[in-house]
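Peer 1: Here it is, the structure in full.
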Amino acid sequence: GPLIVVATVVRALAQLYDKPIVGVNHCIGHIEMGRLITGAANPVVLYVSGGNTQIIAYSEHRYRIFGETIDIAV
C-alpha cells in the first residue's frame, strides 16, 4: 500500500543523501506547530483527530496525556 511506497522512498532518500531516518509522532508535530505559531510556552491542548481525542499538557519539555478516548470518533 501507500505506506510501503513512502517507506521505500524515504529509505532511498536517506541513503542517497546520507541522512538518518528520524521517527516523528504525528500528533506531537501538530502540537509543536501550534506552539511555534502562538508562542505558547506550556499549553494544554484538546487534540481531536480521527478516532482519537486527547487532553495533553506540555511542561518541562515533556508532554503528558491527562485523558483520552481511543477509536471513538467525535
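Peer 1: Restricting to region 15-74, what's the tally of residues that are in a helix (DSSP H, G or I) and under 13 Å from the mean Cα position of the chain (by Cα)?
Peer 2: Final tally of qualifying residues: 10.
Peer 1: Look through region 18-34, keep the residues that are in contact (Cβ under 8 Å) with a residue 24 or more places away in the chain and among the aliphatic types (A, V, I, L, M), and return whichever of them is surrounded by the fewest Cβ atoms within 10 Å (Cβ to Cβ).
Peer 2: It comes out as ILE28.
Read the figures in this text as sums done on the coordinates, not as results from a lab. Only a predicted model underlies this, so the values are computations on that prediction, with no experimental measurement involved. Heads up, the Cβs are rebuilt from the backbone with ideal geometry, glycines too, and the neighbour counts pull from every protein chain shown.
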